[in-house]
Amino acid sequence: MSPESLLRGESAASPLIAGLAGAALALAFAPFGLWPFAVLAPAVLFVLLQDCAPRRAGWLGFCFGIGTFAAGTYWLYVSIHGFGKAPVWLALGLMAALVAVMALYGALLGYVAARWLPARGVSRWLVGLPALWVLLEWLRGWFLSGFGWLSLGYSQTDTWLAGFAPLGGIHLVSLVVLLLAGSLVALWRGTPGERRFAVLLLVLPWPVGAALDRLAWTQPVGSPVGVAIVQGAIPQDQKWLDSNRETTLRRYRDLTLQVLGTPLVVWPEAAAPDLANNIVPYLRDLARAAEAQRSALLLGLIRAEPAAEGEPSDLDELAYFNSLLAFGEDVTWYDKHHLVPFGEFFPVPKTVRRWLRLMSLPYSDFTRGAAVQPPLQLAGLKLSASICYEDAYPTTQRVTVLASTALVNVTNDAWFGRSTARYQHLQISRMRAIEARRFMVRAANDGVSAVIDPQGRIVAQAPEYQAAVLRAQITPRSGATPYLQTGNLPILLLGAAGLLFSLWSAYRQRLRVL
C-alpha cells in the first residue's frame with residue numbers, strides 16, 4: 001500500500017495512524033527530546049484531515065489527541081494509584097477522563113478544518129490550520145482551570161526556535177513549529193509556487209530564531225548571588241508517615257545548616273511533613289541560625305489559617321494553603337494559586353467528598369492564594385515564585401515576573417515516580433526562564449533540582465533520587481522582554497486574523513464553485 005493511500009483520511013487505517021502520530025508527538029518532549037516529531041506529527045495529521053468529512057476529521061483529531069496525551073501523561077496513573085492509593089478503576093477512570101477532554105481539542109481542530117477551512121492550499125496548510133491549533137492550545141491552557149502541558153512549543157527548548165519565546169511566548173514558538181509542519185504538507189501536496197514558498201518557510205525560521213536567541217532582552221542589575229537548593233529526597237510513600245516525621249525534619253535541618261552562609265537557601269514544595277503551625281519552634285531555630293550567618297530562607301510548607309467566611313474548608317474552621325515561607329529582612333508568605341484538580345482540591349460537592357472519605361481515598365482541599373502576589377524580596381533578589389505546576393501558567397505570572405529579578409519554582413515531582421513527568425516539568429521551567437530572560441532556581445524533593453540561566457540552559461543540577469545540596473550563583477536581571485510587555489495578545493490577534501483570513505478564503509472558493 002502506498003503512503004498516499006495510507007494517509008487518506010477515509011482509509012480504514014487512518015484512525016490508527018492518527019493515534020500513532022499523536023503518540024510520536026510525545027517523543028518530541030523531554031526526556032526524549034526528539035524535537036523533529038513536533039514538526040512531523042502535526043504534518044501527518046494535516047495530511048490525514050485532507051478531503052475528510054467533518055465528522056471523520058473530528059474523529060481523526062480525537063485519535064491524535066488520545067495518542068499524545070495517553071503517551072505523554074501516563075504518569076497520572078502513577079500519582080493517583082501508586083502514591084494516591086486510589087483503586088485501579090478510579091485511577092484509570094480519572095486518567096482516561098483527562099486524556100479524553102484533552103483529545104476533544106484535537107477533535108475540534110479536525111471538525112472545524114473539514115467544515116470551514118479551505119480544501120487545500122497555503123491558506124489552509126500555512127494559515128488556517130496553524131492559527132486554529134495555536135488558538136486551541138491557548139484555550140486549553142486556561143479553560144476549566146487549564147492544562148498547558150505538552151504545548152507544542154515546549155519541544156523546542158534546545159533548538160534555535162526557542163529564540164522566539166521572549167518575543168511572543170510559548171504560543172509563538174508553537175506557531176513557528178506549525179508553520180514548519182504546514183510547509184512539509186505544502187511541499188508534498190502543493191503547486192510549484194506553493195512548494196517554493198514552503199522551502200523558504202522551512203529554512204527561514206532557523207536563522208531568525210538564532211538571531212533572536214542572541215539578544216539579551218534584559219540587563220544585570222547587581223552582583224551574582226549565591227543560592228543553595230536543599231533536596232531532601234524523601235520517598236513519597238514515606239513522607240507523611242508519623243514514624244518518619246522526625247527523620248525528615250532532621251534531614252532538612254542538617255542539610256540547611258551545611259549551606260548557611262549562602263545568601264539564599266531554598267527548600268522544595270511542602271518539604272516539612274507537618275503543618276508549619278505545628279513546627280514553629282523548629283522554624284524559629286532555623287531562622288535564627290540563618291540570620292546569624294546572613295542567609296535568607298525560602299521554605300516550602302503547608303500552613304493553616306482560620307477560614308474566611310464562606311471559604312471552603314473540610315473542617316469548616318481552618319483553611320489550608322500550599323505555601324512558601326520567606327525568612328529575610330521580613331517574614332512573608334507566598335500561597336499557591338493554581339491548585340491541582342483532584343490533587344489539591346476536589347471540584348465536587350461536599351457530599352461527594354464525604355463519600356470519598358468513607359472510601360478512604362486520599363484527597364486534600366486547599367485554599368487558593370491570590371492570583372497576583374508581589375515578588376518575594378530575599379538576599380537582594382526580587383523572586384517571582386511558583387509552586388509545582390504553576391510555572392505552566394505564564395500569563396498569570398507575567399505581572400509578578402515583570403517586577404522580579406529572578407524566578408523560583410519549588411515542586412515535588414516525586415508524586416510521579418521515575419516517570420517522564422519530572423523532565424517535562426523541568427522543560428516547562430526552562431521555557432519560563434527563556435521567555436522572561438531571567439535565572440530560574442528550581443527546588444525539587446528528589447529531582448530535578450536545577451539552576452537555569454536566562455537562555456534556558458541548565459548551569460547546575462543536583463543528582464536525582466538522593467539527598468543533596470546544590471550550590472550555584474545567579475545574577476539578578478531586570479527589563480521586559482516583548483512577551484512580558486504584551487503577553488499573549490499579539491499572538492492571539494495574529495491567530496484570529498489568520499483564522500478569519502482562512503475562513504474568508506474558503507468562502508471565496510465556495511463562491512467560485514457556485
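The values are calculated or read from the model by the stated rules, or taken from the named source; none is laboratory data. Please read these numbers as outputs of a predicted model, since none were measured by experiment. For neighbour counting, all protein chains shown are included, and Cβ atoms are generated from backbone atoms with ideal geometry for every residue, glycine included. For the accessible areas, the whole protein counts, side chains as well, though only heavy atoms, and no ligand, DNA or RNA atoms are used. Shrake-Rupley method; radii C 1.70, N 1.55, O 1.52, S 1.80 Å.
Does Leu381 meet the test of being touching a strand residue (DSSP E or B) at 6+ places or on another chain (Cβ under 6 Å), at pLDDT 95 or above and not small (Gly, Ala, Ser)?
Values: touching a strand residue (DSSP E or B) at 6+ places or on another chain (Cβ under 6 Å): yes; at pLDDT 95 or above: yes; not small (Gly, Ala, Ser): yes.
Spelling it out, Leu381 is indeed touching a strand residue (DSSP E or B) at 6+ places or on another chain (Cβ under 6 Å), at pLDDT 95 or above and not small (Gly, Ala, Ser).
Tell me, which residue of the stretch 1-21 that is of a type in the set (Ser, Thr, Tyr) and modelled with pLDDT of 75 or more is nearest to Pro42 (Cα to Cα)?
Initially, the stretch 1-21 is screened for residues of a type in the set (Ser, Thr, Tyr), giving 2, 5, 11, 14.
Within this subset, residues satisfying the condition of being modelled with pLDDT of 75 or more are 11, 14.
On the way: Ser11: 18, Ser14: 14 Å.
Per the stated criteria, the residue is Ser14.
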Given (1) open to solvent by 10 Å² or more (accessible area, probe 1.4 Å); (2) within 19 Å of Gly328 (Cα to Cα), index of the condition Thr256 fails: (1)
Looking at the stretch 321-342, which of its residues are of a type outside the set (Ser, Thr, Tyr) and touching a strand residue (DSSP E or B) at 6+ places or on another chain (Cβ under 7 Å)? Phe321, Asn322, Leu324, Leu325, Ala326, Phe327, Gly328, Trp333, Asp335, Lys336, Leu339
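Could you list, in sequence order, all residues of the stretch 208-220 that are in a loop (DSSP other than H, G, I, E, B) and polar (S, T, N, Q)? First the steps, then the outcome.
First pass over the stretch 208-220, keeping only residues in a loop (DSSP other than H, G, I, E, B): 214-218.
Of everything in the stretch 208-220, just one residue is in a loop (DSSP other than H, G, I, E, B) and polar (S, T, N, Q), namely Thr218.
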With (1) farther than 24 Å from Leu511 by Cβ; (2) in a helix (DSSP H, G or I) as the list, and Gly128 as the residue in question, which single condition is left unmet? (1)
For Glu305, only one of the following conditions fails: (1) charged (D, E, K, R); (2) at pLDDT below 95; (3) outside any strand (DSSP E or B). What is its number? (3)
Condition test on Gln238, is it in contact with a helix residue (DSSP H, G or I) (Cβ under 9 Å, 6 or more places away or on another chain) and modelled with pLDDT under 95? yes
Quick test for you: out of Val173, Val122, pick the one residue that is closer than 30 Å to Gly479 by Cβ, aliphatic (A, V, I, L, M) and in contact with a Gly (Cβ under 8 Å, 6 or more places away or on another chain). Val173
Closer than 15 Å to Tyr483 by Cβ and either modelled with pLDDT under 95 or in a helix (DSSP H, G or I) (or both) - does that describe any residue in the stretch 189-207? no
Out of (1) in a helix (DSSP H, G or I); (2) under 23 Å from Phe143 (Cβ atoms), the odd one out for Phe29 is which? (1)
Given the condition modelled with pLDDT of 95 or more, of a type in the set (A, V, I, L, M, F, W, C) and either within 19 Å of Ala26 (Cβ to Cβ) or outside any helix (DSSP H, G or I) (or both), answer yes or no: does some residue in the stretch 106-114 qualify? yes
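Quick one: which of Leu98, Leu94, Leu40 is assigned to a helix (DSSP H, G or I), under 21 Å from Tyr154 (Cβ atoms) and under 21 Å from the mean Cα position of the chain (by Cα)?
Values: Leu94 fails: under 21 Å from Tyr154 (Cβ atoms); Leu40 fails: under 21 Å from the mean Cα position of the chain (by Cα).
When all the criteria are applied, what remains is Leu98.
Yes/no per residue for (1) open to solvent by less than 20 Å² (accessible area, probe 1.4 Å); (2) under 27 Å from the mean Cα position of the chain (by Cα); (3) within 30 Å of Leu402 (Cβ to Cβ):
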{"position": "Leu201", "(1), (2), (3)": "no, no, no"}
{"position": "Leu212", "(1), (2), (3)": "no, yes, yes"}
{"position": "Ala216", "(1), (2), (3)": "no, yes, yes"}
{"position": "Ala228", "(1), (2), (3)": "yes, yes, yes"}
{"position": "Lys239", "(1), (2), (3)": "yes, yes, no"}
Quick test for you: out of Arg294, Arg288, Arg250, Arg245, pick the one residue that is assigned to a helix (DSSP H, G or I), touching a Pro at 6+ places or on another chain (Cβ under 8 Å) and basic (Lys, Arg). Arg245
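Would you mind finding the one in Ala119, Ala24 that is under 25 Å from Ser183 (Cβ atoms), surrounded by fewer than 22 Cβ atoms within 10 Å (Cβ to Cβ), at pLDDT 95 or above and of a type in the set (Gly, Ala, Ser)? Can you show your working first?
Numbers: Ala119 fails: at pLDDT 95 or above.
Going through Ala119, Ala24 in turn, the sole match is Ala24.
Being assigned to a loop (DSSP other than H, G, I, E, B) and small (Gly, Ala, Ser) is the filter here, so list the residues in the stretch 401-417 that pass it.
Ala403, Ser404, Gly417
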Given the structure, is Phe64 of a type outside the set (S, T, N, Q) and modelled with pLDDT under 95? no
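Please find, within the stretch 259-284, the residue that is most open to solvent (accessible area, probe 1.4 Å) out of those that are assigned to a helix (DSSP H, G or I) and either among the small types (Gly, Ala, Ser) or without any contact (Cβ under 8 Å) to a residue 12 or more places away in the chain (or both). Break it down into steps so the answer makes sense when it comes.
Initial filter on the stretch 259-284 (assigned to a helix (DSSP H, G or I)): 259, 276-284.
Those left that are additionally either among the small types (Gly, Ala, Ser) or without any contact (Cβ under 8 Å) to a residue 12 or more places away in the chain (or both): 276, 278, 280-281, 284.
Working: Ala276: 8, Asn278: 92, Val280: 61, Pro281: 77, Arg284: 108 Å².
By that ranking, first place goes to Arg284.
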Some residue of the stretch 422-431 being under 19 Å from Thr396 (Cβ atoms) and of a type in the set (Val, Ile, Thr): yes
What are the residues in the stretch 175-199 that are β-branched (Val, Ile, Thr) and open to solvent by less than 50 Å² (accessible area, probe 1.4 Å), if any? Val176, Val177, Val185
Going through Ser155, Ser223, Ser183 one at a time, which residue ends up being hydroxyl-bearing (Ser, Thr, Tyr), in a helix (DSSP H, G or I) and over 23 Å from Thr420 (Cβ atoms)? Ser183
